[in-house]
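Nothing in this text is a laboratory measurement; each read-out follows from the coordinates by a stated rule. This one's a predicted model, so the numbers in the text were calculated from it and none came from an experiment. Ideal geometry is used to build each Cβ from the backbone, glycine not excepted, and the neighbour counts take in all protein chains shown.
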Amino acid sequence: MTISNFRAAEALYIVIVRHKDAENLLKQWVDQHTRISVQIESNRMKIFDSQSLSVFQMDWAHSWEQVTIWDCWNKRHIEV
């Protein structure tokens, strides 16, 4: 599911949600945020810009204990 045609070729961040219904949770979140640049693949959401990551960090309403964010550029996890 690609949200924006203006996204970069590679994801800057990857959000991984460990929940039995992760894909639906991510899709519901994306449906509420139309101006973000992401791609959902199963329980992973690729984020293509820093602003979309900020929106996710501010607006994710589900458990943070099941969320991991990987910074592809710096090759490290982001603590939430």
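How many residues, within the stretch 53-80, are closer than 13 Å to residue 33 by Cβ and either in contact (Cβ under 8 Å) with a residue 24 or more places away in the chain or out of contact with any His (no Cβ under 8 Å at 6 or more places or on another chain) (or both)?
Qualifying residue count, the stretch 53-80: 8.
So which of 40, 36, 69 ends up being in contact with a helix residue (DSSP H, G or I) (Cβ under 8 Å, 6 or more places away or on another chain), surrounded by 11 or more Cβ atoms within 10 Å (Cβ to Cβ) and not in a strand (DSSP E or B)?
On the way: 40 fails: not in a strand (DSSP E or B); 69 fails: not in a strand (DSSP E or B).
Just one listed residue meets the conditions, 36.
Taking the stretch 43-66 on its own, how many of its residues are within 22 Å of residue 10 (Cβ to Cβ) and loosely packed, with under 14 Cβ neighbours inside 10 Å?
Counting residues in the stretch 43-66 that are within 22 Å of residue 10 (Cβ to Cβ) and loosely packed, with under 14 Cβ neighbours inside 10 Å gives 3.
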